[in-house]
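Undergrad: Sharing a structure here in structure tokens format.
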Amino acid sequence: MDFNFSEEQTMIRDSLARLLRDQYDFETRRKVAESDTGWRPEMWQQFAELGLLGAAFSEDDGGLGGNAIDSMIIMEEFGKALVVEPYVPTVVCAGGFLKHAGTAAQKEEHLTAIIGGESVFAFAYAEPRGRYDLHDLETTARKDGGGYVLNGHKAVVIGAPWASHLIVTARTSGERRDRDGISVFIVEKGADGITTRDYPTVDGRRASEVYFENVSVPADAMIGEEGKALPLIERVVDEATAAVCAEATGAMGVAQTMTVEYSRQRKQFGVAIGKFQVLQHRMVDMFMEHEQSISMTYMATLKLDEDDVARKKAVSGAKVRIGQGGRFVGQEAVQIHGGMGMTDELAIGHYFKRLTMIDSEFGNVDYHMRRYTALSGEGQKVAAE
Amino acid sequence: MNLEFTPEEVEFRKEVRAFIEENYPKHLRGVGAREDLSRDDMLAWHQILGEKGWSVPSWPEEYGGTGWTPTQKYIWSEENARMDTIMPLPFGVSMVGPVIYTFGSEEMKAKHLPGIREGKVWWCQGYSEPGAGSDLASLKTTAVRDGDHYVINGQKTWTTLAQHADWGFFLCRTDPNASKPQEGISFILADMNTPGIEVKPIKTIDGGHEVNETWLTDVRVPVENLVGEENKGWTYAKFLLAHERSGIAGVARSKRGVERLREIASTELLEGRPLIQDDEFLRKIGQLEIDLTALEFTELRTLAGEAQGKGPGPESSILKVKGTEIQQRLTELTLEAVGHYGHPYFRGFPEDGSNEFPIGPEYAHQAAPNYFNMRKTSIYGGSNEIQRNIITKMILGL
Ligand SMILES: Cc1cc2nc3c(=O)[nH]c(=O)nc-3n(C[C@H](O)[C@H](O)[C@H](O)COP(=O)(O)OP(=O)(O)OC[C@H]3O[C@@H](n4cnc5c(N)ncnc54)[C@H](O)[C@@H]3O)c2cc1C
């Protein structure tokens, strides 16, 4: 057992932390989030130059030979600075699909462009009626000659306004909630028949509603096997969930330290409010939530390559704990800041908002609790037999 | 002890309901209270009620109160919640109004009470300062007597909706040498158009403009604007805080909120079935309703006590704490119910006027901002920590 980071990993963390400190302070982040585009393509290029976009890929795939631990480190730092750029959709999701199931030609075309920072992806999986179920799909991909024709509506596709490409989950056969019959496609966002409605999100990012109307894609746009992609999707989404847990952990840590710091500065009744025991214990609880989030993020990240059941349980366990912890830390951070916590001006409220919204990314506490208990039940059945 | 409504009360409910249905402005139906409405829209219902004589039910009848029993007031707030009416703002009706009729001079009553009652004059509350929040008595804004005027200098903050205000009531230090900080404070009214008053917006985390900084520089107000006696302002402020708290439970609104949550959960799907059929979610709604019932009956007990002459005491802290916890939980569950469509930021939507590609269901648009915004309720009106301190001290005697 070893919880130490390698030299390379420590270097990634340090150089990223430095970059963010120098160029991603809160005021800059605010300006960017409120700008027309909502992100900084030049920052993305710097991420590419630092090697962040290739850190988690093997050398065979053109990366630096790292793995999900690198993504975890990067996302934790991103969480600390409330980075809006689309690392999860591009590197973890699109990169994950390509890494696990891409053909040599697909990797050649897309992975290289992802690692180099040329292609930016959004992951179009959620639908208006599907909530968090990855297999609840009404978007269809109909076979047509040598290729497929896509029709449907994807909801709240994070990062889509910035994307050059989309990863789209669609039904090639079966009924709306069947687990079979699901396929994954790479689609150029500019393809004929795609309409988007772009908008900001409440936590300072951008997203789109994406509509597909008879969008033709060639056969080699498909990643993985036709109709059998659900296990692949689940795996990639688990990896993305672990990455988002790391982000939440980073954000929680900052929210917690900012709150302690504020409680030292802010005086009421002649003393620093940090002297009030009721607040002290609350901040201790925030601290414990943060520590446990670190633990759960490590645990889930280290189990991403285990068998499906172990992986799912690990990720769901982490997302439950972190959803609950993030809510607690965010709410208390605002509360202890008093009126200042309610202002747009202070960073603390933005950490609260990001922590709030992370709960509903890739399944909220209830969703993951349900998945976790269902899997535990299965484990017991096997043991009893 | 019984829970029945008398035939008169049933009749009263009918009358009230019919009045609201007939008179509530058509264009405000289904809109609900929102701080980004225009001043006219926010005052519309208040003014209609003013004409009817129903805008200040709790005031003594001589000043325009209705003389309703606690049960009637309860029915009144339920019926308003049912229609999501935009009720009169508290600053005039529940805060400064009662202070003026209790402690103000006859001239002051004649000058200010009608405007408050009729919804013609908009009031704001200038208590808090950057350095004086929970510890309000440490406030630094000064009012110095100069002939027939007080000259006010200082900074107030978090002044709710001061951008629309015609008048403000301010706590100012008039005796810097008083032996206790509470003793040198006065309660002074100021016309917001007086030179030297500057109101600057503070944007909140939900993106709204609800609070402001209010800067006061050499603001000259006539001495007649002093309420009651000089240096007795703290007593009046405490009186007011007790009033503020008793309205803060928000039971009827929360009940309506639970209904709305049920509606949303009937539309939203979980695993292909209505969310409302999910045991887990149903349990959460159930818990909320049970907590709300406990609050409701606690409030009814308090109101009944008040009707028998017991003033709202430290028990009203229970209503503040529990009422706000429920309001917060309600918005939390609503956000949970809407799933992915909690993310879009409605205020930031491109205004292309087209609804060809709607962004999620209408009810989801404010879910996240409402949740963010309601965090304020455990901070303002005496934070929930301060309320617990009050109970600790005044009731538990610790
Ligand atoms: C949306 C909004 C609207 C408002 N509207 C108005 C208005 O119209 N007019 C007006 O005058 N004011 C208004 N306020 C101000 C409000 O009353 C203050 O925010 C409140 O009194 C808390 O003060 P503070 O923000 O300075 O927090 P602080 O007093 O600095 O408190 C920070 C934290 O410390 C805790 N704390 C403080 N003292 C103690 C203690 N002794 N024991 C334990 N914990 C403690 C608090 O509970 C809080 O969690 C508004 C505030 C908000 C957020």
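Undergrad: In what sequence, highest mean first, do A:86-98, B:221-233 appear when ranked by Cβ atoms within 10 angstrom?
TA: A:86-98, B:221-233
Undergrad: Give me the dipole magnitude in Debye, nearest 20, for the range A:7-119 about the Cα centre, with unit charges on the beta carbon: positive for Lys and Arg, negative for Asp and Glu. Don't skip to the end; give the middle numbers.
TA: Details: 10 positive and 20 negative charges, 72 e Å.
Dipole about the Cα centre, nearest 20: 340 debye.
Undergrad: Still on this structure, I have one more. How much FRET efficiency would the formula 1/(1 + (r/R0)^6) give for B:R283 and A:R177, where r is the Cβ-Cβ distance and R0 is 25 Å, rounded to 0.05?
TA: Between B:R283 and A:R177 the formula returns 0.55.
Undergrad: With the dipole of the range A:230-384 worked out from charges on the C-beta (+1 for Lys and Arg, -1 for Asp and Glu) around the Cα centre, which of A:V271, A:M357, A:Q324 lies farthest toward the positive end?
TA: A:V271
Undergrad: Helix-only estimate, please: 222 nm mean residue ellipticity of chain B, summing -39500 (n - 2.57) across DSSP H runs of length 4 or more and dividing by its residues, to the nearest 500.
TA: For chain B, the value works out to -13000 deg cm²/dmol.
Undergrad: A follow-up question, please. Please compute the contact order of chain B in relative form: average sequence separation of alpha-carbon pairs under 8 Å and at least six residues apart, divided by the residue count, as a percent.
TA: Once divided by the residue count of chain B, the mean separation gives 13 percent.
Undergrad: Let me ask another. Treating cross-link reach as a plain straight distance, find the lysines whose alpha-carbon is under 18 Å from the alpha-carbon of A:K107, omitting any fewer than eight places away in the same chain.
TA: A:K99
Undergrad: Let me ask something else about it. Could you work out how much longer the chain between B:K73 and B:D36 gets when fully extended? Use 0.36 nm per residue separation minus the Cα distance between them, nm to one decimal.
TA: 10.5 nm
Undergrad: So, in nm, how far is label B:E4 from label A:K143 when the simple model puts each one 7 Å beyond its Cα toward the Cβ?
TA: Simple spin-label model gives 7.4 nm for this pair.
Undergrad: Hey, got the dipole for the protein assembly as shown? About the Cα centre, +1 on K and R Cβ, -1 on D and E Cβ, debye to the nearest 20?
TA: My answer is approximately 1940 debye.
Undergrad: Looking only at other chains, what is the average number of their beta-carbon atoms within 10 angstrom of each beta-carbon in A:65-74?
TA: Working: counts 0, 0, 0, 0, 0, 0, 0, 0, 0, 0.
Average per residue, whole number: 0.
Undergrad: What is the average number of partner chain Cβ atoms found within 10 Å of a Cβ in A:200-206?
TA: What the average comes to for A:200-206 is 6.
Undergrad: Any idea what the relative contact order of the range A:7-119 is, in percent, if you count C-alpha pairs under 8 Å spaced at least 6 apart?
TA: Normalised by residue count, the contact order of the range A:7-119 is 30 percent.
Undergrad: Moving to a separate point now. Arrange the following residues from fewest to most other Cβ atoms within 10 Å of their Cβ: A:S208, B:S254.
TA: B:S254, A:S208
Undergrad: Could I ask something else about it? About the Cα centre of the range A:240-298, how large is the charge dipole given +1 on each Lys and Arg Cβ and -1 on each Asp and Glu Cβ? Please answer in debye to the nearest 20.
TA: Once rounded to the nearest 20, the dipole reads 420 debye.
Undergrad: What's the ranking of B:51-57, B:391-397, A:331-337, B:38-44 by average number of surrounding C-beta atoms within 10 Å, highest first? Show your work: numbers first, answer last.
TA: Values: B:51-57: 17.3, B:391-397: 11.6, A:331-337: 23.6, B:38-44: 15.7.
Ranked by mean Cβ neighbours within 10 Å, highest first: A:331-337, B:51-57, B:38-44, B:391-397.
Undergrad: Next up: Can you spot the lysines whose alpha carbon is less than 26 Å from A:K275's alpha carbon? Ignore those fewer than 8 places along the same chain.
TA: A:K267, B:K140, B:K156, B:K180, B:K238, B:K320, B:K322, B:K376, B:K393
Undergrad: Quick one: if you stick a label point 7 Å off each Cα along the C-beta vector at A:E188 and A:L302, how many nm between them?
TA: A separation of 4.5 nm, rounded to one decimal place.
Undergrad: What's the average, rounded to a whole number, of partner chain beta-carbon atoms within 10 Å of each residue's beta-carbon in A:137-147?
TA: Mean inter-chain Cβ contacts per residue within 10 Å come to 0.
Undergrad: Would you kindly calculate the translational diffusion coefficient of chain A, applying Stokes-Einstein with the Kirkwood radius from alpha carbon pairs, for 4 °C and a viscosity of 1.567 mPa s, and quote it in µm² s⁻¹ without decimals?
TA: Estimated diffusion coefficient is 60 µm²/s.
Undergrad: With the dipole of the range B:7-88 worked out from charges on the C-beta (+1 for Lys and Arg, -1 for Asp and Glu) around the Cα centre, which of B:Y24, B:Y74, B:G64 lies farthest toward the positive end?
TA: Value: B:Y24.
Undergrad: Sequence gap at least 6, Cα distance under 8 Å: using those rules, report the relative contact order of the range A:122-223 to the nearest whole percent.
TA: Relative contact order for the range A:122-223 comes out at 32 percent.
Undergrad: Calculate for chain A the 222 nm mean residue ellipticity that helices alone would give, adding -39,500 (n - 2.57) per DSSP H run of length 4 or more and normalising by residue count, nearest 500 deg cm²/dmol.
TA: Helix-only estimate at 222 nm: -16000 deg cm²/dmol.
Undergrad: Shape call for the range A:122-223 from the C-alpha gyration tensor, a ≥ b ≥ c root eigenvalues: rounded (a/c under 1.5), prolate (a/b greater than b/c) or oblate? Kindly include the intermediate steps, with their values, before the conclusion.
TA: Numbers: a/c = 2.16, a/b = 1.31, b/c = 1.65.
Note, shape of the range A:122-223 comes out oblate.
Bear in mind that the values in this text are calculations on the coordinates, not laboratory data. If you're wondering where the values come from, they're calculated on a predicted model, not measured in any experiment. We place every Cβ from the backbone using ideal geometry, glycine too, and count neighbours over all the protein chains shown.
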